[in-house]
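Notes for the one structure printed next.
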Amino acid sequence: MPEHRTVPGATRVYLRIHEDRLGALIGEGGKVLKELESRLGVKISVNSVDSSVVIEPASSYTPATNVIKCQEIVKAIDYCFSYERASRLYDDEAVLIVVDLKDYTGSSENHLQRVKGRIIGEEGRARRTLEEMTDTYISVCREYVAIIGDYSRAELARQAIEMLAQGRQHSTVYKFLDRAIRELKRREATDLWRRM
């Protein structure tokens, strides 16, 4: 075990993750933790008794933004993303957005399962369609839907998820996304043209 020294005055983040996700966070032989620590220059302590995680800078040269980025990746893993998918959050343009389905279903477990079923779709088709249309990753985990992607597209995916949670037809949601993505691409092309 490497010697653990704290950096005075450093940003330290405390999280608690779902106990079922500890294995995914640690990885085989500690592989995921080691990669997070080496890529971001952080020190991660995991307490398997209470599923708590502490993230802090490994040295005084570690920027506070790296600690926050690590926190987002750990959260993504907690929301049932694989480390490979959560790795997209190393990119500065990528964000993690979380929708709490209980805001739409209340405390009814049956209603929650129905809404999750609508978002996932038969054999995962609805979720895959949303991911392909928005170029995002979507995870339906416990009572949450988590989205990873660049901000504009993740925001559109969030709106689509909320429309499905409110009971809108899949075809209505796909039409909305189709129009919104076309508009977004047009804006991006115009912005790119202006910068040239």
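The rows are residues; the columns are (1) touching a Ser or Thr at 6+ places or on another chain (Cβ under 9 Å); (2) at pLDDT 95 or above; (3) surrounded by fewer than 16 Cβ atoms within 10 Å (Cβ to Cβ).
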| position | (1), (2), (3) |
| --- | --- |
| 75 | no, yes, no |
| 101 | no, yes, no |
| 132 | no, yes, yes |
| 149 | yes, yes, no |
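Checking 179, 158, 153 one by one, the residue that is in a helix (DSSP H, G or I), in contact with a helix residue (DSSP H, G or I) (Cβ under 8 Å, 6 or more places away or on another chain), at pLDDT 95 or above and of a type in the set (D, E, K, R) is 153 and no other.
Which one of these is crowded, with 16+ Cβ neighbours inside 10 Å and either in a helix (DSSP H, G or I) or without any contact (Cβ under 8 Å) to a residue 24 or more places away in the chain (or both): 168, 125, 118, 114?
Going through 168, 125, 118, 114 in turn, the sole match is 118.
Of all residues in the range 70-102, those satisfying the criterion of being of a type outside the set (Gly, Ala, Ser), assigned to a helix (DSSP H, G or I) and touching a residue at least 60 places away in the same chain (Cβ under 8 Å) are 75, 77, 78, 85, 88.
The values are calculated or read from the model by the stated rules, or taken from the named source; none is laboratory data. In this text the structure is predicted, and so the values were computed from the model without any measurement. Using ideal geometry, Cβ is built from the backbone for each residue, glycine included, and neighbour counts are taken over all protein chains shown.
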